[in-house]
Amino acid sequence: MMSHKRFETRSGVTGVRGLGLLAGFLPVFLAGAAPAPAAAQVQGIGLGVVVSHISDQPGRIDPRGQRIHQKLSAQIRYQSLSVLQTHQMKLGLNEVRSLSLPNSRSLRVRATDIGERGVLLNVDVEGSVQTDLRVKNGHLVVFGTEPYDNGKLVISLEPTW
C-alpha cells in the first residue's frame with residue numbers, strides 16, 4: 001500500500017504526493033498572480049502546458065522557457081533547457097484532458113475544484129507522477145517526470161480563470 005504525504009508551499013500551493021515520487025517531483029511556483037474570482041462564477045479554466053527537456057549537456061536556454069529556467073535553476077543543476085511542446089487547453093470541472101508526451105507516455109489533467117485558494121488539479125503522467133495540486137490563478141507549477149534523451153522531461157502547468 002502506497003502512503004501519501006500532504007505538502008504546502010510558501011506560495012500557498014498544496015498537494016498530495018506518493019512518497020515514492022518525492023525525487024521526481026519538483027514543484028516550483030511564481031508569485032504575483034491575480035486573486036481568484038468567486039468559485040460560483042468559474043465554469044472552467046484555461047491551462048497553459050509547456051513540456052521541456054533539461055540536460056547536463058552543454059547548450060542554450062530556450063528563450064520560450066525563460067520563466068521555467070528562472071525558478072528551476074535555483075533548484076537543480078542543468079546546462080541546457082529546450083521547450084519541446086506548448087499547449088493551451090480549456091478545462092471544465094471534472095473534465096479530463098490528455099496530451100501525448102515526447103517519450104510516448106501521456107499527461108492527464110483534471111480540475112476537480114475551483115475556489116478562493118485556487119484550482120485543484122489531478123495530474124497523472126503515465127508511469128511516473130500522480131499528484132493533486134492546488135494552484136492559484138496565474139501561478140506556474142513545474143515538475144520533473146522521468147529521464148528522457150540524456151536528460152529529463154519537465155512539465156509546467158499554469159491555470160488561469
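Values quoted throughout were computed directly from the atomic coordinates according to the rules given, and no laboratory measurement underlies them. Since the model is a prediction, treat every value here as computed from it, not as a measurement. Cβ sites come from the backbone with ideal geometry, for glycine too, and all protein chains shown count toward neighbours.
Across segment 53-69, coupling constants 3J(HN,Hα) worked out from phi with the 6.51/-1.76/1.60 Karplus curve, θ = phi - 60°, read 10, 10, 8, 7, 6, x, x, 9, 9, 4, x, 5, x, 4, 4, 5, 4 Hz, and Gly and Pro carry x. Available extension along the chain between Ile76 and Ser104 is 7.6 nm, counting 0.36 nm per residue and deducting the alpha carbon span. Working ranking of peptides 84-97, 102-115 by packing, defined as the average number of other Cβ atoms within 10 Å per residue, highest first, is 102-115, 84-97. Within segment 127-161, which residues have the backbone N less than 20 Å from the label spot 7 Å out from Leu93 along Cα→beta-carbon, could you tell me? Answer for this model: 132-138, 159-161. Between Asp113 and Gln57, residue separation times 0.36 nm minus the direct Cα-Cα distance comes to 16.1 nm. Here segment 50-161 is treated with +1 on each Lys and Arg Cβ and -1 on each Asp and Glu Cβ, and its dipole about the Cα centre works out to around 260 debye.
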